Amino acid sequence: MKFVEKSLIIRLLNKTPMRIIAMTFNGKIYLKDTLEKTNSITINHEKIHAVQQAEVGMTRFLYLYFKDFFKHWIKSHSWANAYYKISFEQEAYQNQYNFKYLETRRHRAWERRVIK
């Protein structure tokens, strides 16, 4: 797993109303700070996203991620609510404290959280 510390992308996104500590994109985890200063729970959360992205490919992951986000945003008109209802985020948040989760994780585990 490759980490990009003190990422310019994260700093730029944090100039918007978004507050991002880390973000996974195409096999790399971009961090706001150094790896040593980043919470291990956050790292585990992002590792779950890395596995999700590897399963479906980056293009399909982004398509499904934003499709899920906008579907929930249209219903709730709340960015925060829509974000937390994204199936990929639900899997990551529900398992971020389980540091052995990726060892036992079912393939495409996020799919059972998708609301059709």
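I'm trying to understand the selection: among the residues of region 45-62, which are touching a residue at least 24 places away in the same chain (Cβ under 8 Å) and closer than 21 Å to L13 by Cα? Residues satisfying the conditions are H45, E46, K47, H49, A50, Q53, M58, F61. List every residue pair whose Cβ atoms lie under 9 Å apart, where the two residues are 6 or more positions apart in sequence or sit on different chains, the first residue falls within region 8-20 and is without any contact (Cβ under 8 Å) to a residue 40 or more places away in the chain, and the second residue, located anywhere, is in a loop (DSSP other than H, G, I, E, B) and hydrophobic (A, V, I, L, M, F, W, C). Here the result reads I9/I20; I10/I20; I10/I21; L13/I20; N14/I20, each pair linking region 8-20 to a residue that is in a loop (DSSP other than H, G, I, E, B) and hydrophobic (A, V, I, L, M, F, W, C). Against the conditions (1) surrounded by 16 or more Cβ atoms within 10 Å (Cβ to Cβ); (2) assigned to a helix (DSSP H, G or I); (3) out of contact with any strand residue (DSSP E or B) (no Cβ under 6 Å at 6 or more places or on another chain); (4) modelled with pLDDT of 95 or more, W110 satisfies every one except (4). Set side by side, the residues K47, K6, K37, K15 differ, and just one is basic (K, R) and not in a loop (DSSP other than H, G, I, E, B), which is K47. The residues of region 6-30 that are touching a helix residue (DSSP H, G or I) at 6+ places or on another chain (Cβ under 7 Å) and farther than 20 Å from Y101 by Cα, listed by number, are I20, I21, N26, Y30. Scan region 53-66 and give yes if some residue there is surrounded by fewer than 18 Cβ atoms within 10 Å (Cβ to Cβ), over 19 Å from A109 (Cβ atoms), over 14 Å from the mean Cα position of the chain (by Cα) and not β-branched (V, I, T), otherwise no. No, because not a single residue in region 53-66 is surrounded by fewer than 18 Cβ atoms within 10 Å (Cβ to Cβ), over 19 Å from A109 (Cβ atoms), over 14 Å from the mean Cα position of the chain (by Cα) and not β-branched (V, I, T). Candidates N44, N14, N26, N39: the one that is at positive phi and out of contact with any Asp or Glu (no Cβ under 7 Å at 6 or more places or on another chain) is N26. Might you let me know whether region 11-19 holds any residue that is modelled with pLDDT of 95 or more, surrounded by 12 or more Cβ atoms within 10 Å (Cβ to Cβ) and of a type in the set (A, V, I, L, M, F, W, C)? No, every residue in region 11-19 fails to be modelled with pLDDT of 95 or more, surrounded by 12 or more Cβ atoms within 10 Å (Cβ to Cβ) and of a type in the set (A, V, I, L, M, F, W, C).
The values are calculated or read from the model by the stated rules, or taken from the named source; none is laboratory data. Keep in mind that what you see is a predicted model, and the values were worked out from it rather than measured. Virtual Cβ from ideal backbone geometry, glycine too; neighbours counted across all protein chains shown.
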